[in-house]
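A short worksheet on the structure shown next.
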Amino acid sequence: MKTGFGLRMKFSSLLRRILSRRFLKFGTVGASGTVVNIGVLYFAQEHIFNTVQQTELKLNLSLVLAIFLATLNNFFWNRLWTWSDRTEHHHRPWLSQFGQYTLACWLSIALQLVFTNLLAPHVYYQYANLIAIVLTSVLNFVLNDIWTFGRLKLLPSSQTHAKPGDDAP
């Protein structure tokens, strides 16, 4: 019975994290990244790689560029805004943290590529990509909240610099 209780507590903690103000910020940043992603995907597909004859290669080259630029956009906005209360606890350079962020995102990025390619033959490639982004965003948040930007350590209240309610639902 204790195992069931522990599992419920972990699920409850995960649910609170997903429904937090921080997740709303993450979603806002994600929306800006989605605009970057879709804009770059369109521009790359229609203009940069428009001479590539093989359809799958053209789509994958466009996706790689779109995902990279959207990831860069999201990292900086998440670092500056979503997890701004945690940056003082990271004593490594931004490039090192970007590497960690990218590693944390790799699963979401890989899944986005897979889902987009699976859906693209059935729906317009932009819609396929948008669906893939939505499906992978929750996993991306949890990985970055736990690993890249870490959870704040419990400190006496006089030493805590977190904004009140930042993690509250």
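The values are calculated or read from the model by the stated rules, or taken from the named source; none is laboratory data. These numbers come from a predicted model, not from an experiment. Positions of Cβ are generated from backbone atoms using ideal geometry, with glycine treated the same way; all protein chains shown enter the neighbour counts.
Could you say which residue among Trp81, Trp77 is aromatic (Phe, Trp, Tyr), assigned to a helix (DSSP H, G or I) and at pLDDT 95 or above?
None of the others qualify; the one that does is Trp77.
Given the criteria small (Gly, Ala, Ser) and in contact with a Leu (Cβ under 9 Å, 6 or more places away or on another chain), does Ala31 qualify? I'd like the intermediate steps shown before the answer.
On the way: small (Gly, Ala, Ser): yes; in contact with a Leu (Cβ under 9 Å, 6 or more places away or on another chain): no.
So Ala31 fails the test.
Specify the residue that is modelled with the lowest pLDDT; the eligible residues are those in the stretch 110-127 that are buried (at least 19 other Cβ atoms within 10 Å of the Cβ) and within 18 Å of the chain's Cα centre (by Cα).
Here is the first cut: in the stretch 110-127, the residues buried (at least 19 other Cβ atoms within 10 Å of the Cβ) are 112, 116, 120, 125.
This time we only want the ones that are within 18 Å of the chain's Cα centre (by Cα), so: 112, 116.
Numbers: Gln112: 90, Thr116: 94.
Looking at the filtered set, the residue picked out is Gln112.
Could you check how many residues of the stretch 84-98 are at pLDDT 85 or above and either of a type in the set (Ser, Thr, Tyr) or loosely packed, with under 14 Cβ neighbours inside 10 Å (or both)?
Looking only at that region, the number is 2.
How about the stretch 15-33: which of its residues are more than 10 Å from the chain's Cα centre (by Cα) and touching a residue at least 60 places away in the same chain (Cβ under 8 Å)?
Arg16, Arg17, Ile18, Leu19, Ser20, Arg21, Arg22, Phe23
How do the pairs read when you match residues in the stretch 80-107 that are closer than 13 Å to Asn144 by Cα and hydrophobic (A, V, I, L, M, F, W, C) with residues anywhere that are surrounded by 15 or more Cβ atoms within 10 Å (Cβ to Cβ) and modelled with pLDDT of 90 or more, using Cβ under 7 Å and keeping only pairs 6 or more apart or on different chains?
Listed pairs, sorted by first residue: Phe98/Phe75; Cys105/Thr71.
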